[in-house]
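Student: My questions will all concern the structure given below.
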Amino acid sequence: MSDKKLWGGRFTKSTNAAVDDFNSSIRFDQRLYYFDIMGSIAHAEMLGKQNIISSEDAEKIVNGLNEVMKDIENGTAEFDISAEDIHMNVEKLLTERIGEPAKKLHTARSRNDQVAVDSKMYTKDIAGKIKKQLVELIAVFTKIAQENLYTIMPGYTHMQKAQPVTLAFHMMAYVEMFKRDIHRIENTIENCSQMPLGSGALAGVTYNIDRDYTAKKLGFAEPTLNAMDSVSDRDFVLDFIYSASVVMMHLSRFSEEVILWSTDEFGFIVLDDAYSTGSSIMPQKKNPDVAELIRGKTGRVYGDLMGTLAMMKGLPLAYNKDMQEDKESLFDAYDTVSSCIFMFTKMIETAKFNKDNMAQGAEGGYTNATDVADYLAKKGVPFRSAHEIVGKLVLFCIENNITLSQVSMEQYKQISEHFAEDIYEAINTVNCAKQRKSYGGPAPESVQKMIDATEKYLEGLK
Ligand code: ARG
C-alpha cells in the first residue's frame, strides 16, 4: 500500500506498489530539480503579485522552496517513489517544510506545463554547455592546423589515395563540421525561447496570471502562444538530440580515422599512452579504445533520437504520459555527447602526428597523377586527352613498379612532346598541395584563410 497521493481525492484505493514503481520518474527526473524549483519560485511570485494568493503565502512558498533547494543540494532531502516525479516531490518536500501555504503553489498550473517549462530550461542549459565544449574542440583543431600548414599527407576518396593535401587542411575540414554543429546547437537554444508555463493542463487557466512576468523571470523571450501546443511540444528535445547525433557522427568519423591512422599499416598518428589501453593477453598491444568507444556510443545517441521520434509520432494532443519517456533519452544523449567531446578533445590534443609517414604516404598511390594531367592541360592539351595520356602513364609505372617522379625525361617525351624538365617540380607532392590555391583548397595560404576566419568566428561567439 502506498502513501496518500497529491491527486488522491477521487480514488478509493491506493496505487498498487508495482504501478508506483512503473509510473514513477523520480529516479531520473530529479535532474530537473533546479529548474523545477526556479519555475515554482517564479510562479509563486507571480501568483502573489497578481493577488491570486496572498503575498504572505507567496513569500512563505518562495522561502520554503529556497530551503528545499538547499536540502536537495546538500543531500538531506529524500525523494519518494510514490510521489512519482520531481514536480510532486518538490511540492511534497515544500509541504513538509511549510505546511498549508504549500498547497496553494499548484494554483493556476498543471504538471503538464510544469514539466514542459522545466525540460525547456534544462535543454537550453545543456545546449549552452555543449556549445562551450565545441568551441574548445575547435580551438584545439585550429591550433594543430596552424602548426601543420606544410605537413603533407594523402587525401583519400573511396579509401583510395587521391591527391596530396595537408594535415592542416584535413583538420580544418572537421572545424567546418564543428562550426555547423554549433549552429545547430544555437538553433536548439533559439527554439527554447518561448515559455510554456501558464498553459495549464492543456487549455490555459481561469486566473488572471501574468505569463510575461514569469517568462521574463525565467529568462525566456516570451510566453508560448497556444496552450495546447505548449504542453504537447517536445520538438526542442528532438532538436537537442538531433544536434547531439550530428556531433557524434562527426566525432565518430574522425575516430574511425584515428583508429585507421594508428594501425601499423598507416602509422599516421600515435595516441598518448594516457589515452590508449593495453591488451590482457598480447603484450605489444596499444589500442585506441577511446576512439572506438566514441564510434560505438554514436549508435547509442542515434537510438535516443529514434526512440524519441518514435515515441512522439502517434500522440494525439495534448499531453500523454508517453512523453515522460523523453527524459532518459535527453539525459543519455547529453551525458554521452558531453563525455565524448571531452575525451575526444583530450585524445586529439595529446596525440602525435607522424609527419614522415604522412609525407611518405602521399608519395605512393600516384596521388600526383592529376597534377601530371593538369600540367599537360596547361600546355594546351584538352583535359580529357591529358587524362587518357596520364592513365596510360600510370599503367606504365605500375608495370615497372616506379612512381611518376621516377619516370625519365625520355620516357615522358615519348608519351607527349609537351613534357619538359619542369614536370618534376610540378608533381612534387609538396608543390601539388601548394598549387591548390583555389578558394577552399589545401594550399597553405588558403588554409591560413580558414584559420583566420575561424579565429574571427570564435571571437564573434563570445
Ligand atoms: N513526470 C511527468 C512527465 O515527465 C510529468 C507530467 C505528468 N503529468 C500528468 N498529467 N501525469 O511527463
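Student: Would you mind working out the magnitude of the charge dipole of segment 301-416 relative to its Cα centre, with +1 at each Lys and Arg C-beta and -1 at each Asp and Glu C-beta, to the nearest 20 Debye?
Tutor: Dipole magnitude for segment 301-416 comes out near 540 debye.
Student: OK, next. What is the set of long-range amide H partners of T166 at a cut-off below 5 Å, with H atoms built 1.01 Å from backbone N?
Tutor: Here the answer is M153, since their amide H atoms fall under 5 Å of that of T166.
Student: Dipole size in debye (nearest 20) for the chain around its Cα centre, Lys and Arg Cβ +1, Asp and Glu Cβ -1?
Tutor: Rounded to the nearest 20 debye, it is 500 debye.
Student: Project the alpha carbons of segment 144-259 onto their principal axes and report the range along each, largest first, in whole Å.
Tutor: Ordered largest first, segment 144-259 gives principal extents of 69, 26, 19 Å.
Student: Through the Karplus equation 6.51 cos²θ - 1.76 cosθ + 1.60, θ set to phi - 60°, convert the phi angles of segment 195-210 into ³J(HN,Hα) values in whole Hz; use x for Gly and Pro.
Tutor: 9, x, 4, x, 7, x, 5, 5, 10, x, 9, 8, 9, 7, 7, 10
Student: So which of K129/K456; K179/K378; K285/K434 end up more than 29 Å apart by C-alpha?
Tutor: Details: K129/K456 21 Å; K179/K378 37 Å; K285/K434 38 Å.
Checking Cα-Cα distances, K179/K378; K285/K434 exceed 29 Å.
Student: I've got another one for you. Applying a 10 Å radius around every beta-carbon, put 429-437, 71-79 in order of their mean neighbour count, most first.
Tutor: Per-residue mean Cβ counts within 10 Å order the peptides as 429-437, 71-79.
Student: I would also like to ask the following. For segment 178-189, take each phi angle, set θ = phi - 60°, evaluate the Karplus expression 6.51 cos²θ - 1.76 cosθ + 1.60, and give the result in whole Hz per residue in order, putting x for glycine and proline.
Tutor: Once rounded to whole Hz, the list reads 5, 5, 5, 4, 4, 4, 5, 5, 5, 5, 4, 4.
Student: Using a 1.4 Å probe on the protein heavy atoms only, what accessible surface does D335 show? Give it in Å² to the nearest 10.
Tutor: About 60 Å², rounded to the nearest 10.
Student: Something else now. How large is the charge dipole for segment 15-86, taken about the Cα centre, if only the Cβ atoms of Lys, Arg (+1) and Asp, Glu (-1) carry charge, to the nearest 20 debye?
Tutor: The dipole magnitude comes to about 220 debye.
Student: Only bridges with both residues in the chain count here: give the DSSP antiparallel percent, nearest 5.
Tutor: Expressed as a percentage, antiparallel bridges in the chain total about 80.
Student: Given N residues in segment 1-103, what is Rg(Cα) / (2.2 N^0.38 Å)?
Tutor: Against the empirical 2.2 N^0.38 Å value, I get 1.12 for segment 1-103.
Student: Binned at 5 Å from 0, what are the whole-percent values of the Cα-Cα distance distribution for segment 230-322, short to long?
Tutor: Result, from short to long distances: 3, 12, 17, 15, 12, 10, 8, 7, 6, 5, 3, 1 percent.
Student: Could you work out what % of the accessible surface of the chain is carbon and sulfur, using a 1.4 angstrom probe and leaving DNA, RNA and ligands out of the count?
Tutor: 53 percent
Student: Counting only heavy atoms of protein chains, what accessible area per residue, in Å², does segment 167-317 have with a probe of 1.4 Å?
Tutor: Accessible area per residue: 48 Å².
Student: Shifting gears a bit: Taking a spot 7 Å from the Cα of I402 along the direction of its beta carbon, which residues of segment 325-367 have an amide N less than 19 Å from it?
Tutor: Answer for segment 325-367: 363-367.
Student: Run the quick spin-label model on H158 and K413: label points 7 Å from Cα toward the beta carbon, then report their separation in nm to one decimal.
Tutor: Between H158 and K413, the simple spin-label model gives 3.5 nm.
Student: Which far-off residues, 5 or more places away or on another chain, put their amide H under 5 Å from the one on N287, with H placed in the peptide plane?
Tutor: Here T277, G278 satisfy the definition.
Student: Go through 268-274, 184-190 and give me the packing order, highest mean Cβ count within 10 Å leading.
Tutor: So the order, starting with the most tightly packed, is 184-190, 268-274.
Student: Expressed as a whole number of Å, what is the distance separating the alpha-carbon centroids of segment 377-407 and segment 246-302?
Tutor: About 38 Å separates the Cα centre of segment 246-302 from the one of segment 377-407.
Student: Along the positive direction of the dipole of segment 225-277 (beta-carbon charges: Lys, Arg +1; Asp, Glu -1; about the Cα centre), which of Y275, A244, S255 reaches farthest?
Tutor: The residue sitting most towards the positive pole is A244.
Student: Return the FRET efficiency for the residue pair L225, L260: r is the Cβ-Cβ distance, R0 is 41 Å, and the value is rounded to the nearest 0.05.
Tutor: Working: r = 51 Å, r/R0 = 1.23.
The pair L225/L260 has a calculated efficiency of 0.20.
Student: Given axes a ≥ b ≥ c from the Cα gyration tensor, I'd like to know whether the chain is rounded (a/c under 1.5), prolate (a/b larger than b/c) or oblate.
Tutor: prolate
Student: Pull out a ≥ b ≥ c, the square roots of the eigenvalues of the alpha-carbon gyration tensor of segment 25-177, then state rounded if a/c is under 1.5, prolate if not and a/b is larger than b/c, and oblate in the remaining case. Mind showing how you got there, number by number?
Tutor: Details: a/c = 3.89, a/b = 3.43, b/c = 1.13.
It is prolate, given that a/c is not under 1.5 and a/b is the larger ratio.
Student: May I ask you to order 41-48, 216-223 by the average number of other C-beta atoms within 10 Å around their residues, highest value first? Working shown, then result.
Tutor: Details: 41-48: 23.5, 216-223: 16.5.
Sorting 41-48, 216-223 by mean packing, highest first, produces 41-48, 216-223.
Student: For segment 398-462, what is the largest minus smallest coordinate of the Cα atoms on each principal axis, given in angstrom and ordered from greatest to least?
Tutor: Each principal axis gives a Cα extent; for segment 398-462 these are 60, 24, 12 Å.
Student: While we're here: Modelled label-to-label distance, H387 and N51, 7 Å Cα→beta-carbon offset: nm?
Tutor: Placing both labels 7 Å along Cα→Cβ, they lie 8.2 nm apart.
Student: E455 label point, 7 Å along Cα→Cβ, cut-off 18 Å on backbone N: hits in segment 176-217?
Tutor: Under 18 Å, as judged by backbone N against the label point of E455, lie 176 of segment 176-217.
The values are calculated or read from the model by the stated rules, or taken from the named source; none is laboratory data. Model, not experiment: these values are computed from the prediction. Here Cβ is always computed from backbone atoms with ideal geometry, including for glycine, and neighbour counts include all displayed protein chains. To get the accessible areas, we keep the full protein, side chains included, count just its heavy atoms, and leave off ligands, DNA and RNA. Shrake-Rupley method; radii C 1.70, N 1.55, O 1.52, S 1.80 Å.
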